[in-house]
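Okay, structure first, notes after.
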Amino acid sequence: MKITLRQLEVFAAVARAENVTRAAEALAMSQSAASSALLELERQFDCPLFDRIGKSLHLNSTGRGLLAQAEDLLGRAADIEGYLAGGVLGPLAVGATLTIGNYLATLIAADYLRRHPTAKLRLHVANTQDIAGQLSRFELDIGLIEGEVDDPDLVLEPWLEDSLVVFCAPQHPLATCSGVDPQCLADQPWIIRERGSGTRALFDQIIARHLSGLNIRLELEHTEAIKRAVESGLGVGCLSRLALREAFRRGSLVEIPTPQFDLRRHFYFAHHRQRPTSPATREFLALCREMSASAADTDALPLPFIA
């Protein structure tokens, strides 16, 4: 066989980094060795895999087609190494959107590592758009996302039910209202998530489109920052009920009833359709399902400590 796993490992690393030097650093090898391995792979088949623009390398169509197969083969090789080493699971890269990452994924990751002390897990937390992009580039094995994505290469599987909640500070005039008309909501200063997040996408689809002249005062990337801003009286917000449970229990935030809006949604498992499910991924997903099976609803899920 002409191809070596090392050549494919270098190829995949360069594809992710778009730079030979950074790829070599990630693989703990010299730049010249990484460059030679990549050039030899292309030379063997007289088949360029990258468009070279200055010091940057961008996958061409052939390289994009190879990447999925290379990542699959490298993942299987890691599983074989783990098996030969005594059943150790291969490395796992998980992406989680902010609400899931802050309130659920870290708990699941901790349980996974407790059960598999020698396993290696990387958890990346970002918004839905960023996680979808990393899945498409084969940088993640699995994604836990809170918004639907329009990418034919990604497969979504419903996981947990969730809902968004409109809320305010206890001293806010709307805190004691049993019902709020749309115009009153439109007149409020809103503090909401950034574009690209699943929470913002549902807010725009269900709430913003029905409120003319919506007053968006502040856009923030982190749920805790939004909660603090609303607690301080800067406006009203809209976040996952999961992210608000403890604040509602403490009484530091209050739900504003909005029965006119259907704010139910799902959390999803997301993966690339060309990426087979590794044993490590299957074990992690089993823990996710185990957690959800033990809870009849979101309020029964384990509650992490949030300072």
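Residue by residue through region 50-68, note down the ones that are touching a residue at least 24 places away in the same chain (Cβ under 8 Å) and farther than 19 Å from residue 24 by Cα. Break it down into steps so the answer makes sense when it comes.
So the first thing to find is which residues in region 50-68 are touching a residue at least 24 places away in the same chain (Cβ under 8 Å), and the list is 50, 55-59, 63, 66-68.
66, 68, listed by residue number.
Could you tell me whether any residue of region 116-138 is farther than 26 Å from residue 16 by Cα and either surrounded by fewer than 23 Cβ atoms within 10 Å (Cβ to Cβ) or not assigned by TED's automatic domain parsing to the domain that holds residue 249 (or both)?
Yes, region 116-138 contains at least one residue that is farther than 26 Å from residue 16 by Cα and either surrounded by fewer than 23 Cβ atoms within 10 Å (Cβ to Cβ) or not assigned by TED's automatic domain parsing to the domain that holds residue 249 (or both).
Can you pull out the residues in region 219-271 that are outside any strand (DSSP E or B) and of a type in the set (S, T, N, Q)? It would help to see each step written out before you state the result.
Step one: filter region 219-271 for residues outside any strand (DSSP E or B), giving 221-235, 241-253, 256-263.
Result: 223, 232, 252, 258, 260.
Identify the residue in region 180-196 that is assigned to a strand (DSSP E or B) and in contact with a Gly (Cβ under 8 Å, 6 or more places away or on another chain) and, among all such residues, is farthest from residue 132 (Cα to Cα).
Of the residues in region 180-196, the ones assigned to a strand (DSSP E or B) are 189-193.
Those left that are additionally in contact with a Gly (Cβ under 8 Å, 6 or more places away or on another chain): 189-192.
Working: 189: 30, 190: 27, 191: 25, 192: 21 Å.
Out of the qualifying residues, it is 189.
Among the candidates 241, 249, 245, which residue alone is exposed (fewer than 13 other Cβ atoms within 10 Å of the Cβ) and either modelled with pLDDT under 95 or not aliphatic (A, V, I, L, M) (or both)? Write out each step before concluding.
Working: 241 fails: exposed (fewer than 13 other Cβ atoms within 10 Å of the Cβ); 245 fails: exposed (fewer than 13 other Cβ atoms within 10 Å of the Cβ).
On inspection, the qualifying residue turns out to be 249.
Which condition does residue 13 not pass, out of (1) surrounded by 14 or more Cβ atoms within 10 Å (Cβ to Cβ); (2) without any contact (Cβ under 8 Å) to a residue 24 or more places away in the chain; (3) over 16 Å from residue 72 (Cβ atoms), if it passes all the others?
(3)
Residue by residue, here is whether (1) more than 25 Å from residue 191 (Cβ to Cβ); (2) assigned to a helix (DSSP H, G or I); (3) assigned by TED's automatic domain parsing to the domain that holds residue 280 holds:
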residue	(1), (2), (3)
101	no, yes, yes
105	no, yes, yes
110	yes, yes, yes
150	yes, no, yes
167	no, no, no
178	no, no, no
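What residue, of 282, 264, 275, is under 23 Å from residue 141 (Cα atoms) and at pLDDT 90 or above?
Working: 264 fails: under 23 Å from residue 141 (Cα atoms); 275 fails: at pLDDT 90 or above.
Answer to the selection: 282.
Can you confirm whether region 49-62 contains a residue that is closer than 14 Å to residue 279 by Cβ and either in a helix (DSSP H, G or I) or among the aliphatic types (A, V, I, L, M) (or both)? Explain how you work it out, then say what you get.
Going residue by residue through region 49-62, those that are closer than 14 Å to residue 279 by Cβ are none.
No, region 49-62 has no match at all.
Here's a check for you: in region 252-265, which residue that is of a type in the set (D, E, K, R) and touching a helix residue (DSSP H, G or I) at 6+ places or on another chain (Cβ under 8 Å) is surrounded by the most Cβ atoms within 10 Å (Cβ to Cβ)?
Of region 252-265, the ones of a type in the set (D, E, K, R) are 255, 262, 264-265.
Those left that are additionally touching a helix residue (DSSP H, G or I) at 6+ places or on another chain (Cβ under 8 Å): 255, 262, 265.
Numbers: 255: 14, 262: 11, 265: 21.
It comes out as 265.
Could you tell me which residue of region 201-236 is surrounded by the most Cβ atoms within 10 Å (Cβ to Cβ), considering only residues that are without any contact (Cβ under 8 Å) to a residue 24 or more places away in the chain and either within 24 Å of residue 100 (Cβ to Cβ) or not assigned by TED's automatic domain parsing to the domain that holds residue 256 (or both)? Give the steps one after another, and end with the answer.
Let us first name the residues in region 201-236 that are without any contact (Cβ under 8 Å) to a residue 24 or more places away in the chain, namely 204-205, 208-209, 225, 228.
If we keep only those that are either within 24 Å of residue 100 (Cβ to Cβ) or not assigned by TED's automatic domain parsing to the domain that holds residue 256 (or both) as well, we get 204-205, 208, 225, 228.
Values: 204: 13, 205: 10, 208: 17, 225: 13, 228: 15.
For region 201-236, the residue satisfying everything is 208.
With the condition kept exactly as written, say whether any residue in region 68-78 is under 27 Å from residue 121 (Cβ atoms), touching a strand residue (DSSP E or B) at 6+ places or on another chain (Cβ under 6 Å) and not in a loop (DSSP other than H, G, I, E, B).
Kept after step one, since they are under 27 Å from residue 121 (Cβ atoms), are these residues of region 68-78: 68-78.
So of that shortlist, the ones also touching a strand residue (DSSP E or B) at 6+ places or on another chain (Cβ under 6 Å) come out as none.
Within region 68-78, none of the residues are under 27 Å from residue 121 (Cβ atoms), touching a strand residue (DSSP E or B) at 6+ places or on another chain (Cβ under 6 Å) and not in a loop (DSSP other than H, G, I, E, B).
Need the failing condition index for residue 155 against (1) of a type in the set (A, V, I, L, M); (2) surrounded by 17 or more Cβ atoms within 10 Å (Cβ to Cβ); (3) within 29 Å of residue 61 (Cα to Cα), just the number.
So residue 155 meets the others, but not (2).
The values are calculated or read from the model by the stated rules, or taken from the named source; none is laboratory data. In this text the structure is predicted, and so the values were computed from the model without any measurement. Please note: Cβ atoms are built from the backbone with ideal geometry, for glycine as well, and neighbour counts cover all protein chains shown.
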